């Protein structure tokens, strides 16, 4: 591949589950591309690689700066997203289409499946002898990409979940006898990063969340029921946060009776963890339980943007263009934490091939030994990512005067 | 009852399901009481009437103004709440305790069950010949109290649901093929005020929510499935908002197989509407469906305070004290909309007895004829209640250039 700047067009697409800040990466890339002489037209593919293959492409470089500003403040994928699994001849077809439109820069914002898609298109271009620069831009609320310190999209979803947990718990605290047990089900297919983020507003052992269950640890129903009962005895109520995907000690999916098939990549479409645990607490402990399942809202809430997250999402979009123009290809932009007292990140690069189809799970040092709570190391890692300090809530002191 | 100011203490309590702004009413009342010479000590009952009966009472008038400010910004009931059903001798017992502590002003923040509680305690005091001023302060996210134009607590929850619906729909819009059907289950036991609030960010027929199902209308499964399929065909995806409590054409509770008994007032503890409808769409239409259930978070989110709602909650708390000092008793403070171009409310009074155990359901004029969407009259009613204008989201125009 040439290390020189090559004149041509740029195409950008968005892929995989949307995040609150995936459009900040889009706008960061578009604005940077508009500043660069070697880049003529800035195209946007509608619904990611599907739009590329079907020639559904817009000229996003012609949007006004007001529109770009509104796009930045809009959660979800402005261009539309997809979960399209490439068929055998798709990579070559995509490379041909890009060549036909003199696209020299192909940026793909996505997670690990998307990294695989981008990598295969890049490889097809190389095989054709076409100088195409392919750069992946990381995003995923799941925070499960390897190599990067964290993923844009995680910080804002983590902020939403941290606040949802504290605030929903205020409700239980006000009426512990009426609502002794609450389950909050959050996203996270293979890794518990989001479930653990529920802890970020917790200051004392009696604060919610009291228990956290994540895919990295098998769920022992007996231990779960014992832990819930003990928290209710000690605190008066229990808030347990669970990932949407849990496996029991026999390796069976919790709540899989509610599961609805698989997606295009063979990932199960999950459903019933919270309902299953609520039923269990009701029947086995005789305690009233209910659940919150913020669902897609947890990753889409504009009221919970983390400024750090927005800024970093913008940065990785901008840097993707810069790297591509410098001749970098088949890489994903990463975030690398700079050691020091104050939190700071700079960008780096990782091979797209290394990202593809891998998951980064929570390291043991981020979890308490018994696995139902996080460690201080997790706070140190995650607190800087969620932006401004979380709100403080007043708590009554029961100094009775009668 | 004396129409003169009587010297003594004031006791305030919070009752029923908490709201995001119930503490604004508390602080409004406390601050007003502290300004009034005739009121000596300002007591707060912990967990409402339970705290009164068990003498768990704090001196909330001694909180610093900083603490009062933090309390105002804290969702849920600072003093703790309850759903306690008075036993036969409780009203007299409560009146005796109030008399023993020279409490002349009893303020109870709550919904219709709480109005009944306050009214019975007031009647017991009257029977004893004790001059006690009893004032109800309205709160309920359900907005189902009669007589008042609306209830403090509704505006903030309505804002949260309006934004949750738009933002969660952005996710479906980005990947309609992957997530063609989404159900959002919101609160509302007997009335669809909150479900209808999901429409407040909707500007065109193709915007979410596409369908709204409320307790006031029986759910016809056949019509539901037909409507969902038609929306998916027309828009590409469908977002339906449903109340937590629906009844089918046979009068059977939707999802009652998941229901977990009843609360102290005999109200069913509801559960499975969303899961039931998701299952139905999957099995009958063969379309992937998923659900969001914001749960308690929808009424507790500090990021979705409506300033109008906070201000009005504060106002009804403040006015409760003023009315009581003027000699009013056995009344609830109401909000009365002032006719005119610009939205404005003033306070009024209604008999506590009139509030007790009644529900205000949605009038027909707020609903479209077919019942699955709201009318313009509902927008005119509800939009002023949710505070600042909702955010605008960018929407791509598919002007393809290839």
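What follows is calculated from the coordinates using simple rules that are stated; it is not laboratory data. Fair warning: this is a prediction, and the values are worked out from it, not measured in the lab. Using ideal geometry, Cβ is built from the backbone for each residue, glycine included, and neighbour counts are taken over all protein chains shown.
Inter-copy label distances at residue B:59, shortest first and taken from points set 7 Å along Cα to Cβ: 7.5 nm. For the peptides A:202-209, A:334-341, A:288-295, the ranking by packing is A:288-295, A:202-209, A:334-341, with the highest mean count of neighbouring Cβ atoms within 10 Å listed first. Going by a ≥ b ≥ c, the root eigenvalues of the Cα gyration tensor, does the protein assembly as shown fall in the rounded group (a/c under 1.5), the prolate group (a/b larger than b/c) or the oblate group? It comes out prolate by the Cα gyration axes.
Tell me whether the range B:106-255 comes out rounded, prolate or oblate; compute the Cα gyration tensor, take square roots of the eigenvalues as a ≥ b ≥ c, and use a/c under 1.5 as the rounded threshold. It is prolate, given that a/c is not under 1.5 and a/b is the larger ratio. With contacts taken as Cα pairs under 8 Å at a separation of at least 6 residues, the range B:306-381 carries a relative contact order of 18 percent.
The range A:140-160 and the range B:324-402 have Cα centres spaced 38 Å apart. The mean count of C-beta atoms from other chains within 10 Å of the C-beta of residues in A:197-207, rounded to a whole number, is 0.
How much mean residue ellipticity at 222 nm does chain A get from its helices, if each DSSP H run of length 4 or more adds -39500 (n - 2.57) and you divide by all residues, to the nearest 500 deg cm²/dmol?
-10500 deg cm²/dmol, from helical runs alone.
Suppose R0 equals 56 Å; then what is the FRET efficiency for residue A:64 and residue B:67 from their Cβ-Cβ distance, rounded to the nearest 0.05? My answer for the efficiency is 0.70.
In terms of its C-alpha gyration tensor, the range B:60-122 has an oblate overall shape, because the principal axis ratio a/c (a ≥ b ≥ c, square roots of the eigenvalues) is not below 1.5 and a/b does not outweigh b/c.
Working from Cα pairs under 8 Å separated by at least six residues, relative contact order for the range B:1-143 is 32 percent.
Other chains near B:71-81: what is the mean number of their Cβ atoms within 10 Å of each residue's Cβ?
Numbers: counts 4, 1, 4, 8, 8, 11, 6, 7, 3, 6, 5.
What the average comes to for B:71-81 is 6.
List residues of the range B:184-219, by number, whose backbone nitrogen lies under 14 Å from a label position 7 Å along Cα→C-beta of residue B:252. Flagged as within label range: B:219. Of the residues B:359, B:250, B:298, the one that moves most in a GNM of chain B with alpha-carbon contacts below 10 Å is B:250. Normalising by the residue count of the range B:94-184, find the relative contact order in percent from Cα pairs under 8 Å and 6+ residues apart. Once divided by the residue count of the range B:94-184, the mean separation gives 21 percent. Give the percent of DSSP beta bridges with both residues in the protein assembly as shown that are antiparallel, rounded to the nearest 5. Approximately 30 percent, going by the DSSP bridge assignments. Taking the label point 7 Å along Cα→Cβ, residue B:226 and its counterparts in the other copies are spaced 5.6 nm apart, in ascending order.
At a Förster radius of 35 Å, what calculated FRET efficiency corresponds to the Cβ-Cβ distance of residue A:368 and residue A:344, to the nearest 0.05?
That pair, residue A:368 with residue A:344, gives E of 0.80.
Shielding value for B:157-165 is 2, the average number of Cβ atoms from other chains within 10 Å of each residue's Cβ. Exposure proxy for A:362, B:385: other Cβ atoms within 10 Å of each Cβ, ordered fewest to most, give A:362, B:385. Rounded to whole Å, give me the distance from the Cα center of the range A:19-71 to that of the range B:164-209. Between the Cα centres of the range A:19-71 and the range B:164-209 lies a distance of 27 Å. Computed over chain B with a Gaussian network model linking Cα atoms closer than 10 Å, the most mobile of B:127, B:45, B:95 is B:127.
Provide the percentage of antiparallel DSSP beta bridges, counting only those with both residues in the range B:122-272; round to the nearest 5. Don't skip to the answer; put the middle values down first.
Working: 2 of 12 bridges.
Counting only bridges with both partners in the range B:122-272, antiparallel ones make up about 15 percent.
Considering only B:383, B:68, B:280, the mean-square fluctuation computed in a Gaussian network model of chain B, springs between alpha carbons under 10 angstrom, is largest for B:280.
Antiparallel beta bridges, as assigned by DSSP with both residues in chain B, represent about 30 percent of the total such bridges. Between copies, residue B:327 shows label-point distances of 9.3 nm, shortest first, with the point placed 7 angstrom from Cα along Cα to C-beta. Between residue A:351 and residue A:226, full extension at 0.36 nm per residue minus the direct alpha carbon distance yields a gain of 40.5 nm.
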